[in-house]
Amino acid sequence: MALTGLALAVLGVFAGALSRQLASECAAWTPWLIERLIRRAVRGLPPEHRSRFEEEWRSHVSEIPGNIGRLIVAFGLRSAARKMSSQLVSGSEPVIGDVIKRILDLGVGVALLLFVSPLIIATTLLLWVDDQGPVLCWEERIGLNGRIFWLLKFRSGPAKGAKLKDGRNTQSRLSGLVRFVRAIGLNELPQVINILRGDMSFIGPRPRRPEVVTKLAKAIPHYHDRHTVRPGITGWAQISPRNNRSAADEISCDLNYIRNRRTALDLTILARTVRIVLWPHSGDASR
């Protein structure tokens, strides 16, 4: 037994040393691999644009924290280059930040969907057992370039026509489970599907219903500028203080984000959103 324990201890030390060495080697090789991927991707662009976009890509990739995020973007650049090439040939100017953002949306979206799939399944079952009503709902929203799309959510209200035990209608009542799902933002999880479909992004102005858009566009100048980017699950307006905030103030936050959007700003919004969800009274925003 003593020899077996000693052998396991030695094996553990060896495995730990090997894993540290592999991590060190991967960290050393990652910058080289990213550079090679950028150079390979840029070959898919027209020759007269290669040097300019190669520098811009390096700048945007360097803003992304962590080697894994940089590798995700670098691997996606080759596919993005083909789309950008057709845009350049047609005379339109692609926005590099939007290209990088879309690559990150796809990479993170796939990873997140795999990671939270057990939570999505559990929430689906719990909502169905709660009152056996429909679990998911599709809501009409206005997205990029004013296009209408269907936003997917977990139901955050009582099931239509559901009754209490004494027969009263529950349309004015939310069950404890539904209130919990709404309070911690679980009802937004299915929108990862909208992100993978290209309807939305993780970061951007929240999409609104068509009738609300029509009303606000008449009252607020430049309102339709919100539709020059993909709508998001969270945005600058959602992490800003909400006390006595009007619709115009929220639109102002959205337009400021659009004018100043960068990868670093998106990461800041994402980090503060996570903080607000986990610690709603932390002071980041009045919920």
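The values are calculated or read from the model by the stated rules, or taken from the named source; none is laboratory data. Worth saying up front: this structure is predicted, and the values here are computed from it rather than measured. Note: ideal-geometry Cβ built from the backbone for every residue, glycine included; neighbour counts use all protein chains shown.
Answer yes if at least one residue in the range 60-73 is surrounded by fewer than 20 Cβ atoms within 10 Å (Cβ to Cβ), of a type in the set (S, T, N, Q) and touching a helix residue (DSSP H, G or I) at 6+ places or on another chain (Cβ under 6 Å), and no otherwise. Yes, there is a match, as at least one residue in the range 60-73 is surrounded by fewer than 20 Cβ atoms within 10 Å (Cβ to Cβ), of a type in the set (S, T, N, Q) and touching a helix residue (DSSP H, G or I) at 6+ places or on another chain (Cβ under 6 Å).
Being within 16 Å of the chain's Cα centre (by Cα), outside any helix (DSSP H, G or I) and modelled with pLDDT of 90 or more is a condition met by no residue of the range 268-286.
Taken over the range 121-176, the criterion of being modelled with pLDDT of 85 or more, over 19 Å from the mean Cα position of the chain (by Cα) and part of a loop (DSSP other than H, G, I, E, B) is satisfied by 147 alone. The single condition from (1) more than 25 Å from the chain's Cα centre (by Cα); (2) modelled with pLDDT of 90 or more that residue 219 fails is (2).
Could you check the range 182-220 and list, in sequence order, the residues that are under 17 Å from residue 114 (Cα atoms) and assigned to a loop (DSSP other than H, G, I, E, B)? Those that are under 17 Å from residue 114 (Cα atoms) and assigned to a loop (DSSP other than H, G, I, E, B): 189, 190.
Being in a loop (DSSP other than H, G, I, E, B) and surrounded by fewer than 21 Cβ atoms within 10 Å (Cβ to Cβ) holds for only one residue in 245, 259, and it is 245.
For the structure I just gave you, tell me whether residue 230 is modelled with pLDDT of 90 or more and within 23 Å of the chain's Cα centre (by Cα). In short, yes.
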